Structure formats: structure tokens, C-alpha cells
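As C-alpha cells, the structure follows; a few thoughts come after it.
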Amino acid sequence: FEINIRAFPLTIVVPWELAVDLDFSKADMEYVLTDSTPEGELITKMLDSSLESFGRLYLSDGFAAAIVIEPEMITDFKYYHTETGLCGITRGVCLLDKRGYPDTPTPNVFWVTSIKKQIALDIMRDSLRREQASE
């Protein structure tokens, strides 16, 4: 991770909290999986089961992939500094400095705090339709 951060001065980070805030609903699932492949039908059954069990779905990876494809969907973000802990209890842990003190190093990550959810849903839906069309 640290090598990645050094190679790209402002890396986009899509935090888990964003997926929690977006709350992928049953209606969202039905929209994304409309006219999908047989694999999509299996995904539908799995997601239905998760919704029944947990009442919510979190698609952090799906939203992160959509942001890579269409970064213009980002509506709010913050700049933070991150690094990898090198010793002690933080060894190997990614550390994010949200303090903003004057001695904080230069920000090196673009921390996404809000996106246009509908664009992400459209990208997910289109990707499933493309798979069906190519068969």
C-alpha cells in the first residue's frame, strides 16, 4: 500500500463507511439485476437471502469499481495523509491522519465521502447487460 501511495501522489480511497451510508436496497438490487444473465439470477437469490437475514446489503467493492470507471460521480471528498505503520502496535497497519494539525504531512489520499449513487447503479446494471449481450 505504501508503495502505491508513493507512486500516485493522490490515490482515491473509497472507505467502508461510504458503502454503509449508501445502503443498497431491495429496489436497487432489482434495478441492477433487471434483464441480467443466469449468473445474475443466482446473485439475486444470494442477495435476497442476505437481505432477509441482515436487512441490509453493503456493496463497497461494487461502488469502488464504479468510481474507478466514472470518477465524476464523486460529489464530496476530503484530502488526508496516510502511511503504513512501521513499528510497534501499528506495524503493517494503514494509518489515516484526520487531525489536520499544522504538523500533519502533505495529504496523499483523496478520501471519497459522497457519490451520485444512481450513476454507480447504472454502471453495475450496464456491466451485467453487456455480459448477457456478449453471450
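The values are calculated or read from the model by the stated rules, or taken from the named source; none is laboratory data. Computed from a predicted model, the values in this text were never measured in an experiment. Ideal geometry is used to build each Cβ from the backbone, glycine not excepted, and the neighbour counts take in all protein chains shown. In case anyone asks, the SASA skips ligands and DNA or RNA and just uses the protein heavy atoms, side chains included. Shrake-Rupley method; radii C 1.70, N 1.55, O 1.52, S 1.80 Å.
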I'd like the carbon and sulfur percentage of the solvent accessible area for the chain, probe radius 1.4 Å, heavy atoms only, ligands and nucleic acids excluded. 57
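Per DSSP H run of at least 4 residues, take -39500 (n - 2.57); add these up for the chain, divide by its residues and hand me the 222 nm value, nearest 500 deg cm²/dmol. Write down the numbers at each step before the final one.
On the way: 6 runs with 65 residues, N = 135.
Value at 222 nm, helices only: -14500 deg cm²/dmol.
Test of understanding: what is the full-extension gain from Lys98 to Ile43, defined as 0.36 nm times their sequence separation minus their Cα-Cα distance?
On the way: separation 55, 0.36 × 55 = 19.80 nm, distance 3.70 nm.
That pair, Lys98 and Ile43, stretches by 16.1 nm at full extension.
Tally Lys/Arg at +1 and Asp/Glu at -1 over every other residue whose Cβ is under 12 Å from the Cβ of Glu52; what's the total?
On the way: positive: Lys26, Lys45, Arg56; negative: Asp48.
Around Glu52, the charge tally is +2.
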Asp122 versus Lys78, label points 7 Å from Cα toward the beta carbon: distance in nm? 2.9
Averaging sequence separations of C-alpha pairs under 8 Å and six or more residues apart, then dividing by the length of the range 8-68, give the relative contact order as a whole percent. 47
Gain upon complete extension [Glu30, Glu70; 0.36 nm per residue less C-alpha separation]: 12.2 nm
Value in Å of the Kirkwood radius, where the range 76-135 supplies the Cα pairs that are averaged: 14.8
